[in-house]
Amino acid sequence: MNNNTDKLIDDVLESYGKYQITARIDEDNIVNREILIEIVEEIRKLLFPGFFDKNKVSSEFLRYLVGRRIEFIKYNLKEQVAKSFGNIDECCDSQRSCILKKAEKIVNDFIGKIPVIREYLATDIQAAYNGDPAAYSTDEIIFCYPGVFAITVYRIAHELFVMKVPMIPRILSEYAHSLTGIDIHPGATIGKYFFIDHGTGVVIGETTIIGNNVKIYQGVTLGGLSTRKGQQLKGVKRHPTIGDNVTIYSNTSVLGGETVIGDNATIGGNSFIVRSVSAGMKVSMRSPELEFSPSRPNNSKDEFWDWVI
């Protein structure tokens with residue numbers, strides 16, 4: 001290596017020591033993101049048998065297939081959950097055994113939630129079909145709709161979040177976020193028949209509570225009013241509560257932990273809501289005034305048009 005390369009290597013190594021929160025040297029990886037993505041895809045196959053499999057799913061071998069899938073999830077998720085609690089390779093035998101037992105119980109409890117997750121997802125898919133005249137079948141919704149993908153991963157991640165698994169729920173939700181543009185924090189509480197139409201740009205914060213039969217459109221933010229206090233706000237209700245049968249149209253922000261949108265309310269597009277809305281209310285922005293000007297004539301020397309261009 002030449003002198004320039006040696007100098008660059010020395011500078012990089014020095015930065016590792018200087019900014020230690022961005023490096024894990026001589027430590028086992030906390031978790032493996034790629035394995036977690038594999039696990040989530042296997043869980044999706046368990047939730048939607050026959051949709052994402054490479055081959056036909058035969059009822060004759062269904063019990064065997066489900067069992068094999070569960071074993072894959074159990075084995076791999078147990079290891080990742082154990083790692084999320086710390087570097088188990090540095091623990092003594094008794095500590096390691098305790099962590100592995102804790103991880104095993106969490107994973108077993110999670111697998112036990114699969115039928116409940118499927119129940120909720122069935123309602124979400126039905127809500128998407130009922131609420132979108134552009135949908136021609138529920139199959140199309142399962143295969144194609146980014147909102148359904150994001151909600152599916154959320155419902156998986158949420159169960160792990162409730163079980164107090166560190167980091168993994170957020171990795172899963174950010175995986176869905178990266179693919180769909182829909183950011184649902186795994187800590188949010190979301191009821192049945194939830195539909196996100198189009199979806200891009202949707203943000204749902206950690207302490208959001210959403211009731212049943214809620215429909216939201218692209219660009220909706222259910223967020224906090226301010227995060228200036230940072231970690232001091234941990235555990236505080238920072239995000240809104242949305243009642244049952246609520247529709248929130250595109251590019252609307254509903255902010256604040258004390259903000260409650262009552263049952264059967266409708267929030268129009270481009271609204272900015274920072275206080276509660278009573279049940280049954282319709283909220284909308286006044287239409288902005290539009291100014292119409294004639295098209296630019298050919299060979300016009302109008303200074304206004306020169307400025308626009």
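The values are calculated or read from the model by the stated rules, or taken from the named source; none is laboratory data. Note that this is a predicted model, so its numbers are computed, not measured. Cβ coordinates were reconstructed from backbone atoms using ideal geometry, including for glycine residues, and neighbour counts include every protein chain displayed. Accessible surface is based on the protein model in full, side chains and every heavy atom, while ligands, DNA and RNA are left aside. Shrake-Rupley method; radii C 1.70, N 1.55, O 1.52, S 1.80 Å.
Check the range 223-240 and report whether any residue there is among the basic types (Lys, Arg) and in contact (Cβ under 8 Å) with a residue 40 or more places away in the chain.
no
Consider only pairs whose beta carbons are under 7 Å apart and that are at least six residues apart or on different chains; among these, list those whose first residue lies in the range 46-59 and is open to solvent by 40 Å² or more (accessible area, probe 1.4 Å) and whose second residue is aromatic (Phe, Trp, Tyr).
So the pair list comes out as Phe51/Phe143.
For the range 265-286, name all the residues that are open to solvent by 50 Å² or more (accessible area, probe 1.4 Å) and either under 15 Å from Val203 (Cα atoms) or in contact with a Leu (Cβ under 7 Å, 6 or more places away or on another chain) (or both).
Asn270, Phe272, Val274
Out of the range 273-309, which residues are in contact with a Ser or Thr (Cβ under 9 Å, 6 or more places away or on another chain), at pLDDT 60 or above and of a type outside the set (Gly, Ala, Ser)?
The answer is Ile273, Val274, Arg275, Val277, Met281, Lys282, Val283, Met285.
Out of the residues in the range 19-45 that are part of a loop (DSSP other than H, G, I, E, B) and in contact (Cβ under 8 Å) with a residue 40 or more places away in the chain, which is surrounded by the most Cβ atoms within 10 Å (Cβ to Cβ)? First the steps, then the outcome.
Taking the range 19-45 and keeping what is part of a loop (DSSP other than H, G, I, E, B), we get 19, 23-32.
Narrowing further to those that are in contact (Cβ under 8 Å) with a residue 40 or more places away in the chain: 27-32.
Working: Glu27: 10, Asp28: 12, Asn29: 11, Ile30: 17, Val31: 19, Asn32: 15.
That would be Val31.
Given the criteria hydroxyl-bearing (Ser, Thr, Tyr), surrounded by fewer than 21 Cβ atoms within 10 Å (Cβ to Cβ) and within 14 Å of Gly199 (Cα to Cα), does Ser137 qualify? So that I can check it myself, show each step before the final result.
Numbers: hydroxyl-bearing (Ser, Thr, Tyr): yes; surrounded by fewer than 21 Cβ atoms within 10 Å (Cβ to Cβ): yes; within 14 Å of Gly199 (Cα to Cα): no.
No: the conditions fail for Ser137.
Among the residues in the range 84-98, are any in a helix (DSSP H, G or I) and open to solvent by less than 40 Å² (accessible area, probe 1.4 Å)? Step through it out loud before you land on a result.
Filtering the range 84-98 for residues in a helix (DSSP H, G or I) gives 84, 88-90, 93-98.
This time we only want the ones that are open to solvent by less than 40 Å² (accessible area, probe 1.4 Å), so: 84, 88.
Within the range 84-98 (the criterion being in a helix (DSSP H, G or I) and open to solvent by less than 40 Å² (accessible area, probe 1.4 Å)), the answer is yes, since at least one residue qualifies.
Looking at Lys102, Lys113, can you tell me which residue is touching a residue at least 24 places away in the same chain (Cβ under 8 Å) and either farther than 20 Å from Thr208 by Cβ or crowded, with 16+ Cβ neighbours inside 10 Å (or both)?
Lys113
Scan the range 122-134 residue by residue and report those that are part of a helix (DSSP H, G or I) and either surrounded by fewer than 21 Cβ atoms within 10 Å (Cβ to Cβ) or among the charged types (D, E, K, R) (or both).
Ala122, Thr123, Asp124, Gln126, Tyr129, Asn130, Gly131
Go through the range 135-176 and report how many residues are not in a helix (DSSP H, G or I) and not aromatic (Phe, Trp, Tyr).
Of the residues in the range 135-176, 7 are not in a helix (DSSP H, G or I) and not aromatic (Phe, Trp, Tyr).
Pick out the one residue from Arg68, Arg63 that is modelled with pLDDT of 95 or more, in a helix (DSSP H, G or I), more than 24 Å from the chain's Cα centre (by Cα) and loosely packed, with under 10 Cβ neighbours inside 10 Å.
Arg63
Yes/no per residue for (1) open to solvent by less than 30 Å² (accessible area, probe 1.4 Å); (2) in contact with a Gly (Cβ under 6 Å, 6 or more places away or on another chain); (3) assigned to a strand (DSSP E or B):
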| residue | (1), (2), (3) |
| --- | --- |
| Ile216 | yes, no, yes |
| Gly219 | yes, yes, no |
| Ser226 | no, no, no |
| Gln231 | no, no, no |
| Lys237 | no, yes, no |
| Asn245 | no, no, no |
| Val254 | yes, no, yes |
| Glu258 | no, no, no |
| Asp263 | no, yes, no |
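Say we look at the range 161-176 and pick out the residues that are without any contact (Cβ under 8 Å) to a residue 60 or more places away in the chain and buried (at least 19 other Cβ atoms within 10 Å of the Cβ); which of these is farthest from the chain's Cα centre (by Cα)?
Filtering the range 161-176 for residues that are without any contact (Cβ under 8 Å) to a residue 60 or more places away in the chain and buried (at least 19 other Cβ atoms within 10 Å of the Cβ), the one farthest from the chain's Cα centre (by Cα) comes out as Phe161.
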